[in-house]
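Here the structure is laid out as structure tokens; the discussion comes afterwards.
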Amino acid sequence: MNTEELIKIEDDYFINTFTRQPVVLDHGDGVRVTDIDGNEYLDMFAGIAVNALGHNHPKLVKAIQDQAEKLIHISSIYYNEPALIYAKKLIDRTAFDRIFYANSGAEANEGAIKLAVKYTGKSEVISTVDSFHGRTIVTLAATGHEEYHEPFKAVLPKGFINVPYNDIDAIKDAITENTAAIIVEPIQGEGGVHVPDADYLKQIEEICHERDIVFIVDEVQTGFGRCGTLFAHELFGVKPDIMTMAKGIGGGVPMGGILATEKVASAFVPGDHGTTFGGGPLVCAAANAILDTFDEENILDNVNEVGEYFIEELKKLDKEVIKDVRGKGLMVGVELTKPGAEYVDKLREAGFLINCTSGNVLRFVPPLIISKAEIDEFVKALDEQL
Ligand SMILES: *Cc1c(COP(=O)(O)O)cnc(C)c1O
């Protein structure tokens, strides 16, 4: 079937939830993907900040192949070695004590909110405007976009308060004796790549500490090296009670997780939470390969070096349509003075996959293995299109 015929299947049979780009991707190698017509693209999107090691990375592929031959799924009722090894490996590198395996970002946040509610016995959660925490009912309530809430108002839980991002006074004003948790992204992704002031997270941490409120960082997008440290909250010197993760964790396999301190994690007992697929051997084998390769190939060094270079090069672009360039590591946004959709199309036609979020922010979240030469290739194309 050709591209047009294949896309018609989506039109005819899928529940209509996505505005897709009109390409049917077939295979990838490193930072490049190829569609079924043989057109090659430089991937500046990495499947929404997921493909940390790019496409078809030999170590990730081998880990998945080897594990698939042994065991794919066994359920959480039995132990499996990749999940156990990974838990220790990850927690040894963080300030957290315990893990729960989930399957997606939304599910991780859903579990984190349940944990905070159980721990505190309280019912209110503060989150921020323009945040994104997921599409399930509870994470939708936490997500700071009124327009997403509107059709589901009738079933959204009460107790979710959205306050402006990077505004500590707004958080102070929203706290009551019923506040269970504050959930924030260390750097807002979907909302348009917003980096908060250096002391914003620290101040949240202090307030949470004083009032025994659970401090949750949603690192679903910022985690796993995206911003130059393994987790972005490390950039701000804070120690949250709970962190959620997904996207980059398994380099493309569907996986998520919650990390928590011993104190908060101890609120859960068997029966409070669970999952059929979470922490399965296949995805955990992939996650192990990701962390090992981060070390073996100095991925974080590359993120810092290439990320800084990328932002510098973008700042050199002298274009009236550019309003702001911002970001950290390889999570970079270019805010335009007008809607960005046309540039997504133009760049795709020129062989580059990018994304536009928040209407007018071009968002670049390429594989973390991207090189300066590939950045040069992209910035030149962007320059031409803008
Ligand atoms: C993508 C994202 C989510 C939701 O993750 P899913 O895997 O799509 O459920 C939650 N929080 C943040 C910050 C995200 O970027």
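What follows is calculated from the coordinates using simple rules that are stated; it is not laboratory data. Note that this is a predicted model, so its numbers are computed, not measured. All Cβ positions, even for glycine, are placed from backbone atoms using ideal geometry, and neighbour counts span all protein chains on display.
Backbone geometry of region 176-188 corresponds, through the Karplus equation with coefficients 6.51, -1.76 and 1.60 at θ = phi - 60°, to 3J(HN,Hα) couplings of 10, 6, 9, 5, 8, 8, 10, 10, 9, 7, x, 9, 6 Hz, x marking Gly and Pro. Backbone geometry of region 372-386 corresponds, through the Karplus equation with coefficients 6.51, -1.76 and 1.60 at θ = phi - 60°, to 3J(HN,Hα) couplings of 4, 4, 5, 4, 4, 4, 6, 4, 4, 5, 4, 3, 4, 6, 6 Hz, x marking Gly and Pro.
The Cβ shell under 15 Å around residue 229 holds other residues with a net charge of -3, Lys and Arg each +1, Asp and Glu each -1. Basic side chains Lys and Arg get +1 at the Cβ, acidic Asp and Glu get -1 at the Cβ, and with that the dipole of the chain about its Cα centre reaches some 940 debye. The HN-Hα couplings worked out from phi for region 190-197 by the Karplus form 6.51 cos²θ - 1.76 cosθ + 1.60 (θ = phi - 60°) are 3, x, x, 6, 9, 9, x, 4 Hz, whole numbers, x standing for Gly and Pro.
Dipole magnitude for region 71-296: computed about the Cα centre from +1 point charges on Lys and Arg Cβ and -1 point charges on Asp and Glu Cβ, it is near 660 debye.
Please give the FRET efficiency for residue 65 paired with residue 266, using the beta carbon to beta carbon distance and R0 = 35 Å, rounded to the nearest 0.05.
0.35
Close amide H contacts of residue 102 (hydrogens built in the peptide plane, cut-off under 5 Å, sequence separation of 5 or more or a different chain): 256, 257, 258, 279.
Over 18 Å between Cα atoms: which of 89/202; 89/118; 316/380; 88/328 fall into that group? If you can, show how the numbers build up before the last one.
On the way: 89/202 26 Å; 89/118 27 Å; 316/380 11 Å; 88/328 28 Å.
Checking Cα-Cα distances, 89/202; 89/118; 88/328 exceed 18 Å.
Within the chain, DSSP assigns beta bridges of which about 65% are antiparallel (rounded to the nearest 5).
At 10 °C and a viscosity of 1.306 mPa s, what translational diffusion coefficient does Stokes-Einstein give for the chain, taking Rh as the Kirkwood radius over Cα pairs? Give it in µm²/s as a whole number. Each step should come with its number before you reach the end.
Working: Rh = 21.6 Å.
Rounded to a whole number, D works out at 74 µm²/s.
Okay, helix-only estimate at 222 nm for the chain: each DSSP H run of n ≥ 4 adds -39500 (n - 2.57), divide by all residues, round to 500 deg cm²/dmol; what do you get? Estimated from H runs of four or more residues: -11000 deg cm²/dmol.
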